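Step one of this worksheet: look at the structure below.
The values are calculated or read from the model by the stated rules, or taken from the named source; none is laboratory data. The shown structure was predicted, so the numbers you read here are calculated from the model rather than taken from an experiment. Here the Cβ positions follow ideal geometry from the backbone for every residue, glycine too, while neighbour counts run over all protein chains shown. Please note that ligands, DNA and RNA were not included when accessible areas were found on the heavy atoms of the full protein model with its side chains. Shrake-Rupley method; radii C 1.70, N 1.55, O 1.52, S 1.80 Å.
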Amino acid sequence: MSLFRSGAAAAAEVMTDEALLRRLVEVEQAWLTVRGYDARLGALLRDGDAERLGEQSAAGGNPVIPLVRLLRTRLEEAGAADAAAALHRGLTSQDVMDTALVLCARDGARRVLADLARQAGRCASLAEEHRASVRPGRTLTQHAVPTTFGLVAASWLTGLLDAADDLRSAVDRLPLQLGGAAGTLAGVSTQGDPATLRARLARELGLAEAPPWHTTRAPVTRLGDALVGCHDAWGRISNDVLLGSRPEVGELREGAGGGSSTMRHKQNPVLSVLVRSAAIAAPPLGATLHAAAAAQVDQRADGGWHAEWPALQELVRSSVIAGAQTADLLEGLRADRGRMAANADAAAEDLLAEARSLGVETTDPRAYLGEADAIIDAALARAKEDR
């Protein structure tokens with residue numbers, strides 16, 4: 001829970017210290033497994049370990065160093081001296097940290113993909129239901145030409161499908177990190193054939209194989225860009241709902257608006273406000289990931305790597321929270337056909353200005369919708385293919 005971030009409970013178990021600790025241990029466990037050692041590292045963890053390791057990590061700059069020390073001690077205490085000696089052998093701390101971060105981020109991204117599917121399904125329903133719901137089209141905040149709310153929803157749908165495609169591709173390409181101290185696999189080669197070990201470890205963890213990427217951070221920036229793209233799509237939806245729910249417009253309404261502490265008449269579009277706030281905050285987090293990537297140097301970075309962690313954590317958590325909020329927003333959204341039609345009729349003089357300039361004689365905004373239906377059909381067909 002967080003008083004600083006409304007809705008943070010949606011990401012209560014995403015990219016937390018405890019989640020990272022479990023994934024760090026999972027990586028070390030997998031490295032023992034692929035080399036034939038039988039040990040159950042998860043059983044060695046105790047309450048409070050994450051907090052203690054956080055306090056100890058400052059000395060070495062990352063939590064892997066004290067974790068390895070802790071696990072070796074507990075393995076020896078459990079009588080598993082062979083496993084204790086083999087633990088982490090051939091790896092470097094960045095191998096374990098990067099791989100664990102990838103696994104944590106993948107957990108969050110998969111939840112986002114599930115919410116994107118919910119959102120797309122709802123937008124498809126809105127597009128079909130409201131393909132004939134005429135409303136004023138607006139460009140640069142002013143009346144333009146007639147449109148339909150179905151076409152607006154189809155446009156939202158297209159943005160969501162694009163975001164899902166990019167995120168799915170980034171998730172599918174998330175790689176194992178295995179390079180040893182300086183990306184030469186020298187230490188790894190002392191444990192067996194590096195190519196075989198890499199294949200086994202990638203398979204054990206469900207990650208893609210890749211050459212060492214200690215200072216080539218495309219996997220992180222690619223995922224970050226995809227998550228920012230999700231926020232872009234959500235931000236556009238929330239902005240449209242915020243505009244449409246203004247009293248003087250009255251075309252859209254959240255299913256369960258929030259109240260005011262002093263003004264009883266208000267039903268604030270709270271979900272839209274929260275989604276918009278996340279969309280504003282997300283791009284700088286993506287920019288931090290790119291800045292960190294550009295700051296890489298030599299075979300292991302001197303600060304650029306560390307700058308990624310909090311930015312990636314916040315971006316993944318924000319994506320999970322905003323994704324759930326956008327799904328709830330869309331599922332509860334109410335569109336007022338009558339108000340849309342009334343607004344279109346009241347603005348007919350403006351909305352048909354282009355038609356008159358092109359020689360189209362009509363006084364009915366419904367007669368000047370162009371290829372709206374065809375565009376909706378194309379979006380719906382794409383959504384159907386993507387299921």
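Helix-only arithmetic for the chain: the sum of -39500 (n - 2.57) across DSSP H runs with n ≥ 4, divided by the residue total, places the mean residue ellipticity at 222 nm at -20500 deg cm²/dmol.
Model label points for Leu140 and Asn268, set 7 angstrom from Cα along the Cα-to-Cβ axis, are 3.3 nm apart. Relative to the current alpha-carbon distance between Glu128 and His290, full extension at 0.36 nm per residue lengthens the span by 54.4 nm.
When Kirkwood radius over Cα pairs in Å is computed from the coordinates, the matching label among (1) 23.5; (2) 23.0; (3) 25.2 is (1). Summing Lys and Arg as +1 and Asp and Glu as -1 over all other residues whose Cβ lies under 12 Å from the Cβ of Cys230 gives a net charge of -3. Just the protein heavy atoms count here, and of the accessible area of the chain at 1.4 Å, carbon and sulfur take up 51 percent. Using a simple spin-label model with pseudo-atoms 7 Å out from Cα toward Cβ, Ala43 and Asp82 lie 1.6 nm apart.
In a fully extended conformation the segment linking Leu113 and Ala59 would gain 15.7 nm over its present Cα-Cα distance, using 0.36 nm per residue. For the chain, a crude dipole built from +1 on the beta carbon of Lys and Arg and -1 on the beta carbon of Asp and Glu, taken about the Cα centre, is about 460 debye to the nearest 20.
Calculate, for Asp17 and Asp373, the FRET efficiency according to 1/(1 + (r/R0)^6) with r their C-beta to C-beta distance and R0 45 Å; round to the nearest 0.05. The pair Asp17/Asp373 has a calculated efficiency of 0.30.
Only Cα pairs under 8 Å and 6+ residues apart enter the sum, and on that basis the relative contact order of region 271-387 stands at 20 percent.
At a probe radius of 1.4 angstrom, the accessible area of region 291-331 per residue rounds to 36 square angstrom.
Note on Ser169 and Ala342: the extension gain reaches 57.9 nm, defined as 0.36 nm multiplied by sequence separation minus the Cα-Cα distance.
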